[in-house]
Amino acid sequence: MHLDHAPAHHGPAAVSADVTRPDGARRALRIGLGGPVGSGKTATVAALCRALRDEVSLAVVTNDIYTREDAEFLRREAVLPPERITAVETGACPHTAIRDDISANLEAVEDLEDGVGPLDLILVESGGDNLTATFSKGLVDAQIFVIDVAGGDDIPRKGGPGVTTADLLVVNKTDLAPYVGADLGRMAADARTQRAHLPVVFQSLRDGAGVRDVAGWVRERLTAWTA
Amino acid sequence: MRTAGVRALARIHARADGRGGTCLPVLDGDGPLAPRRTRGSGGEAHVVLVGAMSGPLGGDHLTVRADVEPGARLRVGSAAATIALPGRHPGGARQDVTLTVADGGELHWLPEQLICAQGSDLTVTTRADLAPGARLVLREEQILGRAAEQPGRLLSRLTVRIGGRTVLDQELACGPGATGGWDGPAVLAGRRAVGQLVLVGPEFEVRPVGAGPLGEDAAVLPLAGPAVLVSAVATDALRLRRLLDEAQDRLAAPSV
Amino acid sequence: MSRSALLVLADGRFPAGGHAHSGGAEAAVAAGRITDAASLEDFCRGRLHTTGLVSAALAASAALGADPAELDAAADARTPSPALRTAARRLGRQLLRAARATWPSDELDGLARRFPKGAHQPVVLGLTARAAGLGPADAAHCAVHESVSGPATATVRLLGLDPFDATAVSARLAPEADRVVERAVDAARRVAGEGVDALPAASAPLLEILAEAHAGWSVRLFAS
């Protein structure tokens, strides 16, 4: 309902998913990254930052469970200037902060646009949670779900909202498949069954496989957003 | 034992004498309150409040007023701790302290502890009104009960205004009959000594003090204005004073 | 007043950011001062009569139409801990966002323009109650409810306390909470004539002191 509001009437702060900033400019595209603990979300965010930072103006919001570790990892890795990385505190419930009560994340996103903007892209990373955690559409425009082969090659078959509905499914750490006995072919087939035509990328940050595909998918989204 | 509640007023008025010193055109008190001038230092006048009787008792109403004019410097202490005791009169005792400091004036208000003896019932208000360029060092310490006795009831409100704007307004209620939870983990957690140190001065506008804990039982709290509160609790009066003295030394250092 | 609107606003799932705050419970748990349902109750009772009362009076006052800027300054003066002032403004900003989406009103838009980085949460709460067609007592009820339910639910997560026990704490405090609401509304009604000095200023030294220590922790579950 708020997509139609004229921002001039409604004062300074966007309510939630409004596509324009208070000054009338188009806001940044917001992409969420979710997935289980240890699947490589933060590493994927870091890889995306490295791939895209020279082309677009971007920033990151992390949702940590009880520390600011993810944000600190990204700062340490220097994937972006520190002022472009914000940590949201989630009161031990990252899925609440990205889905049920997105107010703190929206505030973080707004402050980044105010502080270091204009921005083209904001990556919102969820704290490692479970297979049911998905982002609210009030917070992100598209979401990536990151799982890894070591978490079990039956995850795509089991499904769950993240696996079945995310706009992009990333199956990470494919280089570990031989060591953990994961059947990549079976994972791909199960994912196709669960996701119909939604895309899947097999990624290994160690050998670089798939990294370009994930960045390419984000670029397509950006093109569509700014069109 | 007195049979009627006492009304008493003490007044101190400090004025710059034009020669770099401070004179006291008004210095009087009646009943249990007697302000005495003692040897000052530098341009600062020193006054000690001497309690001529023990008090305040139930039914008493004591008022203290100190006004510091532009450029004057006044330091007020007390000769001994004030002990609130139970009285025969209903309604409890009351003590009101009103302090004003004009531009360029400086007041150090450093009385000894207020001890709320078992059975006492005291309401204290301290109100400091400061001009924007005034400076203040104010310390209040409440000790809940003498050694090994139950505390009396205390309601204490401290208000600090700078240029007409309230920067601190806080009330502490404790002892029997106070609102619930006063001795619990959110408020005092069994501590029997509570203290506040307030520092006000234009220098805090220029060079704000950082907030942070001072050990487990005290914290430096920069207020929303050119002022800082040190809030502390302790098991006894001695430890409390030590905490506040340390905080004062630490905060006073960078401003001079 | 609409009881249904009140329930919408008072619902712990109302998306206004409260879930990330423990109301000082995390620091009190770490200090060993909340260990079970009994100490939680003691903690919540102290909070109810201090922060809870002050918040309720601010909220009731805002609901009655007092000047939000004056109330916000009064809240500052009653919140010496900078960490708690920051938390209150952050929560105020989050509540304002949720409120504007839920009960659109010119008054809330005006508040957002005046306080782009957030006003104290109880002030926003009072204006939200107005926008929802609720009265000062409703606003005060929401504030005192939050002052108790926040630490109670946080303690369930922090200590693994039995959620039934934690909820029973809130229920046992309900009669006291009702009395706090009455005090708060009485004070709020005096603001029109006497100004914001009529508002209560009950303080909890340990909540303020521990909030500063908590703000410096590098590892914590809750924002405050």
query: Quick one: in segment C:198-216, which of the residues that are without any contact (Cβ under 8 Å) to a residue 24 or more places away in the chain and surrounded by fewer than 24 Cβ atoms within 10 Å (Cβ to Cβ) is farthest from C:A139 (Cα to Cα)?
result: C:G216
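Answer yes if at least one residue in segment C:67-90 is outside any helix (DSSP H, G or I), of a type outside the set (D, E), at the interface with another protein chain (Cβ under 7 Å from one of its Cβ atoms) and open to solvent by 10 Å² or more (accessible area, probe 1.4 Å), and no otherwise.
Filtering segment C:67-90 down to residues outside any helix (DSSP H, G or I) leaves C:67, C:78-81.
Of the ones still in play, those that are also of a type outside the set (D, E) are C:78-81.
Add one more test, that the residue is at the interface with another protein chain (Cβ under 7 Å from one of its Cβ atoms), and what stays is C:78, C:80-81.
Within this subset, residues satisfying the condition of being open to solvent by 10 Å² or more (accessible area, probe 1.4 Å) are C:78.
So far as segment C:67-90 goes, yes, one or more of its residues are outside any helix (DSSP H, G or I), of a type outside the set (D, E), at the interface with another protein chain (Cβ under 7 Å from one of its Cβ atoms) and open to solvent by 10 Å² or more (accessible area, probe 1.4 Å).
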statement: The condition from (1) farther than 22 Å from B:L107 by Cβ; (2) under 17 Å from the mean Cα position of the chain (by Cα) that B:W182 misses is numbered (2)
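Can you tell me which of A:D64, A:D111, A:D129 is open to solvent by 20 Å² or more (accessible area, probe 1.4 Å) and either modelled with pLDDT under 90 or within 16 Å of the chain's Cα centre (by Cα) (or both)?
On the way: A:D64 fails: open to solvent by 20 Å² or more (accessible area, probe 1.4 Å); A:D111 fails: either modelled with pLDDT under 90 or within 16 Å of the chain's Cα centre (by Cα) (or both).
Among A:D64, A:D111, A:D129, only A:D129 is open to solvent by 20 Å² or more (accessible area, probe 1.4 Å) and either modelled with pLDDT under 90 or within 16 Å of the chain's Cα centre (by Cα) (or both).
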- request: Tell me which of these C:A119 doesn't satisfy, since it passes every other one: (1) assigned to a helix (DSSP H, G or I); (2) open to solvent by less than 10 Å² (accessible area, probe 1.4 Å); (3) within 14 Å of chain A (Cβ to nearest Cβ).
  value: (1)
query: In the set A:V149, A:V170, A:V124, A:V140, which member is without any contact (Cβ under 8 Å) to a residue 60 or more places away in the chain, surrounded by 24 or more Cβ atoms within 10 Å (Cβ to Cβ) and in contact with a helix residue (DSSP H, G or I) (Cβ under 9 Å, 6 or more places away or on another chain)?
result: A:V149
task: Run down A:A92, A:A97 and say which single residue is buried (at least 23 other Cβ atoms within 10 Å of the Cβ), farther than 25 Å from A:V201 by Cβ and either in contact (Cβ under 8 Å) with a residue 60 or more places away in the chain or within 12 Å of chain C (Cβ to nearest Cβ) (or both).
output: A:A97
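Looking at segment C:1-15, which of its residues are of a type outside the set (A, V, I, L, M) and within 21 Å of A:I102 (Cα to Cα)?
First, the residues of segment C:1-15 that are of a type outside the set (A, V, I, L, M): C:2-4, C:11-15.
Answer for segment C:1-15, where residues must be of a type outside the set (A, V, I, L, M) and within 21 Å of A:I102 (Cα to Cα): C:D11, C:G12, C:R13, C:F14, C:P15.
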- prompt: Can you tell me how many residues in segment C:133-157 are buried (at least 24 other Cβ atoms within 10 Å of the Cβ) and within 20 Å of C:R189 (Cβ to Cβ)?
  reply: 9
- prompt: How many residues does segment A:167-226 contain that are among the basic types (K, R), in a helix (DSSP H, G or I) and touching a Ser or Thr at 6+ places or on another chain (Cβ under 8 Å)?
  reply: 1
message: I'd like to check which strands (runs of 3 or more DSSP E) are fully inside segment B:34-104 and have at least 2 residues that are closer than 30 Å to B:E149 by Cα and open to solvent by less than 20 Å² (accessible area, probe 1.4 Å).
response: B:61-68, B:73-78, B:93-101
task: Those residues that are open to solvent by less than 10 Å² (accessible area, probe 1.4 Å), facing chain B (nearest Cβ under 9 Å) and outside any helix (DSSP H, G or I), I need them from segment C:15-57; list them, please.
output: C:I34
message: Within segment B:197-216, does at least one residue satisfy the condition of being open to solvent by 10 Å² or more (accessible area, probe 1.4 Å), modelled with pLDDT under 95 and closer than 30 Å to C:L173 by Cα?
response: yes
message: For segment B:146-178, give me each residue that is facing chain C (nearest Cβ under 10 Å), buried (at least 21 other Cβ atoms within 10 Å of the Cβ) and not in a strand (DSSP E or B).
response: none
- request: Check whether at least one residue in segment A:76-99 is within 27 Å of A:A51 (Cβ to Cβ), in contact with a strand residue (DSSP E or B) (Cβ under 7 Å, 6 or more places away or on another chain) and charged (D, E, K, R), and report yes or no.
  value: yes
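Quick check: anything in segment B:213-223 in contact (Cβ under 8 Å) with a residue 12 or more places away in the chain and over 15 Å from B:R250 (Cα atoms)? Spell out the reasoning first.
Narrowing segment B:213-223 to residues in contact (Cβ under 8 Å) with a residue 12 or more places away in the chain: B:214-215, B:217-220, B:222-223.
Going one step further and asking which of them are over 15 Å from B:R250 (Cα atoms), we end up with B:217, B:223.
Checked segment B:213-223: at least one residue is in contact (Cβ under 8 Å) with a residue 12 or more places away in the chain and over 15 Å from B:R250 (Cα atoms).
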task: Could you please find all residues in segment C:20-60 being touching a Gly at 6+ places or on another chain (Cβ under 7 Å), in contact (Cβ under 8 Å) with a residue 60 or more places away in the chain and farther than 21 Å from C:D72 by Cα?
output: C:A20, C:S22, C:F43, C:R45, C:G46
query: From the list C:T86, C:T50, which residue is hydroxyl-bearing (S, T, Y), farther than 20 Å from A:G91 by Cβ and within 14 Å of the chain's Cα centre (by Cα)?
result: C:T50
statement: Flagged in segment A:46-64 as among the aliphatic types (A, V, I, L, M) and under 17 Å from A:L112 (Cα atoms), in numbering order, are A:V56, A:L58, A:A59, A:V60, A:V61
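Which one of these is at the interface with chain C (Cβ under 9 Å from one of its Cβ atoms) and more than 18 Å from the chain's Cα centre (by Cα): B:L223, B:L188? Don't jump to the end; show me each part of the working.
Values: B:L223 fails: more than 18 Å from the chain's Cα centre (by Cα).
Criteria check complete, one pass: B:L188.
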task: State which residue pairs qualify: first residue within 11 Å of A:N130 (Cα to Cα) and inside segment A:152-164, second residue modelled with pLDDT under 90 and open to solvent by 10 Å² or more (accessible area, probe 1.4 Å) in any location, beta carbons under 6 Å apart, and separation of 6 or more residues or different chains.
output: A:G160/A:L131; A:G160/A:T132; A:P161/A:T132; A:P161/A:T134; A:G162/A:L131; A:G162/A:T134
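Can you tell me which residue is nearest to C:H145 (Cα to Cα) among those in segment C:158-177 that are in contact (Cβ under 8 Å) with a residue 24 or more places away in the chain, of a type outside the set (G, A, S) and surrounded by fewer than 19 Cβ atoms within 10 Å (Cβ to Cβ)?
That would be C:R172.
Would you say B:E140 is outside any loop (DSSP other than H, G, I, E, B), more than 11 Å from every other protein chain (Cβ to nearest Cβ) and either farther than 23 Å from B:L122 by Cβ or out of contact with any Phe, Trp or Tyr (no Cβ under 8 Å at 6 or more places or on another chain) (or both)? Break it down into steps so the answer makes sense when it comes.
Working: outside any loop (DSSP other than H, G, I, E, B): yes; more than 11 Å from every other protein chain (Cβ to nearest Cβ): yes; either farther than 23 Å from B:L122 by Cβ or out of contact with any Phe, Trp or Tyr (no Cβ under 8 Å at 6 or more places or on another chain) (or both): yes.
Spelling it out, B:E140 is indeed outside any loop (DSSP other than H, G, I, E, B), more than 11 Å from every other protein chain (Cβ to nearest Cβ) and either farther than 23 Å from B:L122 by Cβ or out of contact with any Phe, Trp or Tyr (no Cβ under 8 Å at 6 or more places or on another chain) (or both).
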- request: Return the total of residues in segment C:1-42 being at pLDDT 95 or above and of a type in the set (K, R).
  value: 1
task: Looking at (1) open to solvent by less than 40 Å² (accessible area, probe 1.4 Å); (2) farther than 13 Å from A:L121 by Cβ, find the lone condition where A:R76 falls short.
output: (1)
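Okay, residues lined up against (1) touching a Cys at 6+ places or on another chain (Cβ under 7 Å); (2) assigned to a loop (DSSP other than H, G, I, E, B); (3) charged (D, E, K, R):
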| position | (1), (2), (3) |
| --- | --- |
| C:L158 | no, no, no |
| C:A171 | no, no, no |
| C:D178 | no, no, yes |
| C:A184 | no, no, no |
| C:L221 | no, yes, no |
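Report yes if B:V230 is farther than 29 Å from C:R33 by Cβ and either without any contact (Cβ under 8 Å) to a residue 12 or more places away in the chain or buried (at least 23 other Cβ atoms within 10 Å of the Cβ) (or both), otherwise no. If you could, list the steps in order and put the result at the bottom.
Numbers: farther than 29 Å from C:R33 by Cβ: no; either without any contact (Cβ under 8 Å) to a residue 12 or more places away in the chain or buried (at least 23 other Cβ atoms within 10 Å of the Cβ) (or both): yes.
So B:V230 does not fit the description; no.
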- prompt: Can you find even one residue in segment B:125-143 that is buried (at least 24 other Cβ atoms within 10 Å of the Cβ), under 16 Å from the mean Cα position of the chain (by Cα) and small (G, A, S)?
  reply: yes
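The values are calculated or read from the model by the stated rules, or taken from the named source; none is laboratory data. Keep in mind it's a predicted model, so treat the numbers as computed, not measured. Please note: Cβ atoms are built from the backbone with ideal geometry, for glycine as well, and neighbour counts cover all protein chains shown. The area values use the complete protein model at the heavy-atom level, side chains included, leaving out ligands, DNA and RNA. Shrake-Rupley method; radii C 1.70, N 1.55, O 1.52, S 1.80 Å.
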